[in-house]
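**Student:** Quick one: structure below, then a few questions.
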Amino acid sequence: VCFVPFVSPEEERKVKANDREYNEKFQYASNCIVTSKYNIITFLPVNLFEQFQEVANTYFLFLLILQLIPQISSLSWFTTIVPLALVLSITAVKDATDDYFRHKSDNQVNNRESQVLIRGSLQNEKWMNVRVGDIIKLENNQFVAADVLLLSTSEPHGLCYIETAELDGETNMKVRQSISVTAELCDPNHLASFDGEVMCEPPNNKLDRFCGTLYWREKKYPLTNQNMLLRGCVLRNTEACYGLVIFAGPDTKLMQNSGRTKFKRTSIDRLMNTLVLWIFGFLVCMGGILAVGNAIWEKEVGFLFQSFLPWDPPVDNFLFSAFLSFWSYVIILNTVVPISLYVSVEVIRLGHSYFINWDQQMFCSQCNTAAEARTTTLNEELGQVEYIFSDKTGTLTQNIMTFNKCSINGQSYGMLNFTPLNPLADPNFCFYDEKLLESVKVGDSHTHEFFRLLSLCHTVMSEEKSEGELVYKAQSPDEGALVTAARNFGFVFRSRTPGTITTTEMGQTVTYSLLAILDFNNIRKRMSVIVRNPEGRIRLYCKGADTVLVERLQPCNQELISITSDHLNEYAADGLRTLALAYRDLSEEEWEAWSESHRFADKATDCREDRLAATYDKIEQEMLLLGATAIEDKLQEGVPETIALLSLANIKIWVLTGDKQETAVNIGYSCKMLTDDMTEVFIISGHTVQSVRHELRNGCKEGQAGDGTADGGGEGARKPSQCPPIPSNLMDSISGEFALVISGHSLAHALEPDMEEEFLSTACACKAVICCRVTPLQKAQVVELIKKHKKAVTLAVGDGANDVSMIKSAHIGVGISGQEGIQAVLASDYSFAQFRFLQRLLLVHGRWSYLRMCRFLCYFFYKNFAFTMVHFWFGFFCGFSAQTVYDQFFITLYNIVYTSLPVLAMGMFDQDVPDQRSLEYPKLYEPGQLNLLFNKREFFICITQGIYTSVVLFFVPYAVLSDATQSNGVPLADYQSFAVTTATALVIVVSVQIALDTGFWTVFNHVFVWGSLGSFFTIMFALHSQTLFRNLPNQFHFVGSAQNTLLQPVVWLTIALATAICIVPVLAFRFLKLDLKPQLSDTVRKLKFSFYDPSVSALLFSQCVPL
């Protein structure tokens, strides 16, 4: 059993090697993990407690308690306990099954074995027994048992290689290095005497950050993330290594990142909660009306019966009788909200999820990846999406980078024939420019320096499987493409150690001393290395975003900067991803001075990242421009067609990308988001609040002018500060197609509270919005902005870790399983391999799920009001005595057996048009966006139909049977015959109604509809049999009623009359509506019958996808 002691939050962690007694006083967590929720003892109470957190379950428990009070219960307790127990049992079995697999997984992990150094020797211990402060040995291809500080390895320089797929989804190898002072401790005897103490940050979920200090032999050594091996990593290409356990079990970064995702609810869920409250209020009102009726009846009429029908104790007056009658009717009428509703909804959603998983048209054969519904609660929300927020790289594009063009010393290269220069060239590399090849051959210094930078400034790992067969492991496709380009032009990266980089330059092996690596991050947007060549010259090489590098260049050669900037803009206009390259020579004195400040910042225990960033910024100045690179990332298959189709479905698509504005705009044109036919493309690129506001308002005025509504009286001369605010409804009235392109620094101002509504009104009036140079946080902020102000369903789609915040913020998150790991997939609600599958997810599965759920709910409320309201009308004819119309077994089985499966089949399989028609006519998607199929109006319509049906089902049999007689002259006006007639008519009417509501018949629909009708008669005859009456006379009061009643022709005529009165108006209304005001789906369905009807063809032509 794993026990995790409660301790106050840590401010700092202290760990002493090989000293369990010292470490145990801090009560650190053990290495045992527990992801399960229950054990054998706690399962029943905890699971029941969780289930009764649901309002519906608590409500039905309350009803059950009321039914156990004899004075107010006119129904047997089993009419509520049977369905309640069934629901609780199904949920408990599901929860127990899920938890069993969690227990199984936990046991498998906790019982893995690891070699732990105990009293000077290595002993095999289960992972669950590893403690903070232990020294463990890891061997090649083993999982890391805990978050450990790397002490030593079998490789030179204390290096080891790890794979972090379980942490971040990336399969590329990463390098880690022990600190030099412990690198020689490779022997268990030496490690047993190691007594260093580590002081570091407390447990947290930041995978790329670790800050700590090792104190040993009266010296201190700074520790970084490069010295750590995290739980979940796998040791690769390293014979063995030793590590000191710093964080164990729930404190490890892997477990810290496994927190629960925010629970998402659909708009239908929220509406259902409101409607259930309304229904409960309606139930109380009905109970109150009948209670008042009981009081009046008891006072005016009931006292006449006191001599032979006295009140049951403790009733002693008509007011108390009315009070008890109220609760009795609450029990009887509770079926307006049956508990089976919630179970049915979950079953339907589960089925819809499986349909998505099984869809072969969303299976990617190239990467052998099927679509996956990672949640079962959001399927119908897929049919209501109004805004899609998409990443660009890897989502719209393939994220397979190819070196396409470059600019070197003001000369642009690309797009000519090319012949490989050296035997180490990558045979798959394609670059076409003989001039560049010639420049390399003749030894042009700028060209050589350009490719030398590409071969040195990176974090790529190299593996040489055989002579000349190099395999690069890059952390990003961009970096791999650049190093491959250098390799093919004669500057081949061969290998690296912590202190050196070895290359082959034009056939000559050269080893550089690696003095420092200045890491890339999303804030710096650049990476640098400082190297010393064999001649002793020290040089800094830097590559990064041009907006960042240009401001750090020497101003001496403005012409080169201007020419290169023009080239960068040209490349970006072609949709290419660009980087600028620069270098700087350093003197020995400059290097020494900077190195000292870098060491000081590296050893800092507080604000270490900020200090290092300031140090990096200090040295990355006064650089000389070398040139620029342009990498092509091609669009995925089917992206333009998908975006065009979704746009026709009235879905607005916003692209949120970190690329340059020109690149993003070009991709926008390539994927048909932007077109030449657009009225205007607004560019927002201001650097101040005032300029951004001015550009937004100018965009508004241009929209007015384009619509012919501008005043034109010299408004263009107005100063920015004098621009009038944009009226909230102005942009909505503008016609024409507009697009908005906004940069990250402008977006930062536009998202400020005093400007966000202004930005939103302009953006939402545009057909397409592209936000470029945005950060992951800004992506999430844009999504939250739409959710906050537009109340629209949002969907975010991305493929990388930088998209996770956006995916979690949106109502629906979709992960693309691409080249950037699986973090986006792990955070998503749905995942697949290609962006083009989004059209099928929304227009087919989403639309069907919404349609099915709406039809299910409308019918469900209809059939239960039709069933329950009969009791209400009967109350006026039974002295408000809370007597039920039906026998108690019919009440119990109505929602569980007689009507549950047909509506379940409709909710699972129904469809109005085939999937191909849904894609051909994207306008079919709009009813979901407008929430037309199930809303408060539709709810009132369906319960009104249900009340009307209940009136017919009660009063028609009542009127006919009151004067009817059997063939032998015996009157039929008895309670049991009336109950059987009404129940039979009810089941037949609701069965005919669902047959009319079902738009797509399958084998399951036929079996469930007609089978449920057959089961009603079978069960009724069985329950009314002599056999059951003889065995349990107190439970089965309707002995022989079914056989006796249903043999009478007048009963069947009554049932037929009631059915006709209920169904004929519905049929008439539907035929009139189909003829006078058909929906698009009705028109599409007519295709197979009246394809050549000119009116049908004209309507469809306006709604069809243009070819």
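The values are calculated or read from the model by the stated rules, or taken from the named source; none is laboratory data. Given the structure is predicted, the values throughout are model-derived calculations rather than measurements. Cβ sites come from the backbone with ideal geometry, for glycine too, and all protein chains shown count toward neighbours. What goes into the accessible areas is simple: the full protein's heavy atoms, side chains included, and nothing from ligands, DNA or RNA. Shrake-Rupley method; radii C 1.70, N 1.55, O 1.52, S 1.80 Å.
**Student:** Taking the residues in the stretch 924-944 that are open to solvent by 50 Å² or more (accessible area, probe 1.4 Å) and part of a helix (DSSP H, G or I) as candidates, determine which candidate is farthest from residue 1081 (Cα to Cα).
**Tutor:** 944
**Student:** So if I check each of 214, 244, 230, 271, which one is open to solvent by less than 80 Å² (accessible area, probe 1.4 Å), over 16 Å from residue 15 (Cα atoms), at pLDDT 90 or above and not acidic (Asp, Glu)?
**Tutor:** Going through 214, 244, 230, 271 in turn, the sole match is 230.
**Student:** Being touching a strand residue (DSSP E or B) at 6+ places or on another chain (Cβ under 7 Å), hydroxyl-bearing (Ser, Thr, Tyr) and open to solvent by less than 20 Å² (accessible area, probe 1.4 Å) narrows it down to one of 321, 344, 353, 328, so name that one.
**Tutor:** The conditions single out 353.
**Student:** Report, by residue number, each residue of the stretch 500-524 that is over 14 Å from residue 457 (Cα atoms), open to solvent by 30 Å² or more (accessible area, probe 1.4 Å) and within 44 Å of the chain's Cα centre (by Cα).
**Tutor:** Result: 521, 522, 523.
**Student:** So which of 930, 919 is out of contact with any Ser or Thr (no Cβ under 6 Å at 6 or more places or on another chain) and free of Cβ contacts under 8 Å to residues at least 40 places away in the same chain?
**Tutor:** None of the other options fit; the residue is 930.
**Student:** Which one of these does residue 965 not meet: (1) hydroxyl-bearing (Ser, Thr, Tyr); (2) closer than 15 Å to residue 890 by Cβ; (3) at pLDDT below 95?
**Tutor:** In the conditions (1) hydroxyl-bearing (Ser, Thr, Tyr); (2) closer than 15 Å to residue 890 by Cβ; (3) at pLDDT below 95, residue 965 misses (2) alone.
**Student:** Also, I was wondering about something else. For the subset of the stretch 356-375 comprising residues that are surrounded by 15 or more Cβ atoms within 10 Å (Cβ to Cβ) and small (Gly, Ala, Ser), which member is nearest to residue 832 (Cα to Cα)?
**Tutor:** 371
**Student:** Could you tell me which residue of the stretch 451-464 is most open to solvent (accessible area, probe 1.4 Å), considering only residues that are touching an Asp or Glu at 6+ places or on another chain (Cβ under 9 Å) and closer than 14 Å to residue 491 by Cα?
**Tutor:** So the residue we want is 452.
**Student:** Name the residue that is modelled with the highest pLDDT, counting only residues in the stretch 413-437 that are open to solvent by less than 10 Å² (accessible area, probe 1.4 Å) and either part of a loop (DSSP other than H, G, I, E, B) or within 30 Å of residue 834 (Cβ to Cβ) (or both).
**Tutor:** This residue is 433.
**Student:** Can I ask one more? Report yes if some residue within the stretch 884-894 is under 38 Å from the mean Cα position of the chain (by Cα), assigned to a helix (DSSP H, G or I) and not hydrophobic (A, V, I, L, M, F, W, C); otherwise report no.
**Tutor:** yes
**Student:** Now for a separate question. Just one of (1) under 23 Å from residue 886 (Cβ atoms); (2) part of a helix (DSSP H, G or I) trips up residue 973, so point out which.
**Tutor:** Against the list (1) under 23 Å from residue 886 (Cβ atoms); (2) part of a helix (DSSP H, G or I), residue 973 comes up short only on (2).
**Student:** Quick test of your reading of the structure: residue 478 fulfils all but one of (1) assigned to a loop (DSSP other than H, G, I, E, B); (2) open to solvent by 20 Å² or more (accessible area, probe 1.4 Å); (3) at pLDDT 75 or above. Name the failing condition by number.
**Tutor:** Looking at each condition in turn, residue 478 falls short on (1).
**Student:** Give me the residue from the stretch 1030-1052 that is polar (S, T, N, Q), surrounded by 12 or more Cβ atoms within 10 Å (Cβ to Cβ) and farther than 12 Å from residue 978 by Cα and, out of that set, nearest to the chain's Cα centre (by Cα).
**Tutor:** Result: 1035.
**Student:** Moving on to the next point. Of everything in the stretch 625-655 that's of a type in the set (Gly, Ala, Ser) and touching a Ser or Thr at 6+ places or on another chain (Cβ under 6 Å), which residue is surrounded by the most Cβ atoms within 10 Å (Cβ to Cβ)?
**Tutor:** For the stretch 625-655, the residue satisfying everything is 627.
**Student:** Which residue out of 383, 394, 410 is at pLDDT 90 or above, of a type outside the set (Lys, Arg) and on the phi > 0 side of the Ramachandran plot? Spell out the reasoning first.
**Tutor:** Details: 383 fails: on the phi > 0 side of the Ramachandran plot; 394 fails: at pLDDT 90 or above.
After applying the criteria, what remains is 410.
**Student:** Further, regarding this structure: So residue 75 ticks every box in (1) at pLDDT 80 or above; (2) aliphatic (A, V, I, L, M); (3) surrounded by 17 or more Cβ atoms within 10 Å (Cβ to Cβ) but one. Which box is left unticked?
**Tutor:** (1)
**Student:** Only one of these is surrounded by fewer than 17 Cβ atoms within 10 Å (Cβ to Cβ) and modelled with pLDDT under 85: 603, 660, 618. Name it. I'd like the intermediate steps shown before the answer.
**Tutor:** Numbers: 660 fails: surrounded by fewer than 17 Cβ atoms within 10 Å (Cβ to Cβ); 618 fails: modelled with pLDDT under 85.
Matching residue, one of 603, 660, 618: 603.
**Student:** Hey, could you check the stretch 1000-1029 for residues that are part of a helix (DSSP H, G or I) and among the hydroxyl-bearing types (Ser, Thr, Tyr) and say which is surrounded by the most Cβ atoms within 10 Å (Cβ to Cβ)?
**Tutor:** The qualifying residue surrounded by the most Cβ atoms within 10 Å (Cβ to Cβ) is 1012.
**Student:** Write out, first by first residue and then by second, each pair whose Cβ atoms fall under 8 Å of each other, whose residues are 6+ apart or on separate chains, and whose first residue, in the stretch 671-697, is modelled with pLDDT under 80 while the second is assigned to a loop (DSSP other than H, G, I, E, B) and surrounded by fewer than 19 Cβ atoms within 10 Å (Cβ to Cβ).
**Tutor:** Hits for this filter: 675/737; 677/737.
**Student:** Would you point out the residue of the stretch 861-879, among those that are over 49 Å from the mean Cα position of the chain (by Cα) and among the aromatic types (Phe, Trp, Tyr), that is surrounded by the most Cβ atoms within 10 Å (Cβ to Cβ)? Full working, then the answer.
**Tutor:** Within the stretch 861-879, the subset over 49 Å from the mean Cα position of the chain (by Cα) is 874-879.
Checking the rest, the ones that are also among the aromatic types (Phe, Trp, Tyr) come to 874, 876-877.
Numbers: 874: 25, 876: 13, 877: 13.
Selected residue: 874.
**Student:** Just the residues that are open to solvent by 60 Å² or more (accessible area, probe 1.4 Å), closer than 13 Å to residue 620 by Cα and either part of a helix (DSSP H, G or I) or in contact (Cβ under 8 Å) with a residue 60 or more places away in the chain (or both), please, taken from the stretch 555-599.
**Tutor:** Residue satisfying the conditions is 590 alone.
**Student:** Residues in the stretch 180-187: is at least one under 17 Å from residue 231 (Cα atoms) and either open to solvent by less than 20 Å² (accessible area, probe 1.4 Å) or part of a loop (DSSP other than H, G, I, E, B) (or both)?
**Tutor:** no
**Student:** Pairs needed: first member in the stretch 23-35, within 18 Å of residue 125 (Cα to Cα) and modelled with pLDDT of 90 or more; second member anywhere, open to solvent by 70 Å² or more (accessible area, probe 1.4 Å) and hydrophobic (A, V, I, L, M, F, W, C); C-beta distance under 9 Å; at least 6 residues apart or different chains.
**Tutor:** Cβ pairs passing all conditions: 29/4; 30/3; 30/4; 32/1; 32/3; 32/4.
**Student:** I'm trying to understand the selection: among the residues of the stretch 482-517, which are without any contact (Cβ under 8 Å) to a residue 12 or more places away in the chain and either among the acidic types (Asp, Glu) or assigned to a helix (DSSP H, G or I) (or both)? Explain how you work it out, then say what you get.
**Tutor:** As a first pass, look at the stretch 482-517 and keep what is without any contact (Cβ under 8 Å) to a residue 12 or more places away in the chain: 502, 508.
None; the set is empty.
**Student:** Of the residues that make up the stretch 610-630, is at least one assigned by the TED database to the domain that holds residue 581, among the β-branched types (Val, Ile, Thr), within 19 Å of residue 520 (Cα to Cα) and not in a helix (DSSP H, G or I)?
**Tutor:** yes
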